[in-house]
Every structure is written in C-alpha cells, then in structure tokens.
1. Ignoring ligands, DNA and RNA, how do 100, 93 rank by accessible area with a 1.4 Å probe, largest first?
2. Just grab the label-to-label distance for residue 58 and residue 40, each label 7 Å out from Cα along the Cβ direction, in nm (one decimal).
3. How many percent of all Cα-Cα pairs in the chain sit more than 24 Å apart?
4. Could you compute how much accessible surface residue 97 exposes when probed at 1.4 Å, giving the result in Å² to the nearest 10?
5. Have a look at 22, 57, 30 and tell me which one the Gaussian network model of the chain (Cα, springs below 10 Å) gives the largest fluctuation.
6. Could you give the DSSP H helices of the chain that reach 15 angstrom or more along their long axis (alpha carbon positions) and whose average Kyte-Doolittle hydropathy is no lower than -1.0?
7. If packing is taken as the average number of other Cβ atoms within 10 Å across a peptide's residues, how do 33-41, 11-19 rank, most packed first?
Amino acid sequence: MKEYDEEAAMKQMILAPGCSSVDDNTAAEVLDLIFDYYEENGDLDISSAFDDDVDDVENDIAEMVAFVHKYLQKNSGTNLTDAQIEAMIRAELDYEESLL
C-alpha cells in the first residue's frame with residue numbers, strides 16, 4: 001500500500017471535471033473538510049471503511065457534498081457548486097483507491 005500524499009490528492013481534485021478554476025487553497029480546504037467529515041462520522045477508525053454496497057457509497061458521497069457545501073457557505077468565501085464539490089470528492093476517493 002502506498003502512502004497518502006495530500007499534494008497528489010489535491011492535484012487529482014483540481015483535475016476533476018469542472019474544477020479547472022479551483023486553486024490549491026480551495027482544494028486544500030475541501031480536502032480538510034473531507035477528513036473532517038470522516039472524523040465526525042467515525043470513518044477514520046481502522047475498523048470502519050466504505051461498504052461495498054454502491055448505494056451506501058453514493059449516500060456517503062451525497063452526505064459529504066452536503067457537509068462540505070454547508071461549511072463553505074457558512075465559513076468561507078469559496079463559491080463551489082455541488083457538482084464541483086462532488087467531482088472533487090470523487091477524485092479524492094479515486095486517489096484513495098489508487099493507493100490500495
């Protein structure tokens with residue numbers, strides 16, 4: 001298993017469809033929020049992982065999009081669409097999968 005590299009994850013997030021205008025600071029903020037979501041939901045525990053059930057993964061992604069969107073609207077001047085947030089989350093998840 002390869003080691004997680006935040007810079008590589010952010011690069012993949014910026015390359016996601018519709019995210020070419022996203023800068024490094026915004027990608028870093030979204031990445032931090034993804035991990036905040038994981039932490040709040042116990043997904044950083046060794047015993048937890050995304051279920052193989054596609055519906056569960058899609059629900060998790062939808063919940064992460066809502067979590068990130070809510071935070072950005074409330075605490076940041078960053079204006080990302082839900083589609084951009086979702087694309088960035090999917091890119092980060094793809095990056096995680098590439099490490100296995």
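1. The most accessible residue leads, giving 100, 93.
2. Reported label-point gap for residue 58 and residue 40 is 2.4 nm.
3. Details: 805 of 4950 pairs.
Result for the distance tail: 16 percent.
4. Near enough 120 Å² of accessible area.
5. Between 22, 57, 30, it is 57 that shows the largest mean-square fluctuation.
6. Details: long enough: 24-40 (24 Å, -0.30); 54-75 (31 Å, -0.31); 82-98 (24 Å, -0.65).
Sorted by number, the helices that extend far enough and score high enough are 24-40, 54-75, 82-98.
7. Details: 33-41: 15.7, 11-19: 17.8.
Packing order, densest peptide first, comes out as 11-19, 33-41.
The values are calculated or read from the model by the stated rules, or taken from the named source; none is laboratory data. Bear in mind that the values here come from a model prediction, so they are computed numbers and not experimental data. Note that each Cβ is placed from the backbone with ideal geometry, even for glycine, and that neighbours are counted across all protein chains shown. Areas reflect the complete protein model, heavy atoms only, side chains present, ligands, DNA and RNA absent. Shrake-Rupley method; radii C 1.70, N 1.55, O 1.52, S 1.80 Å.
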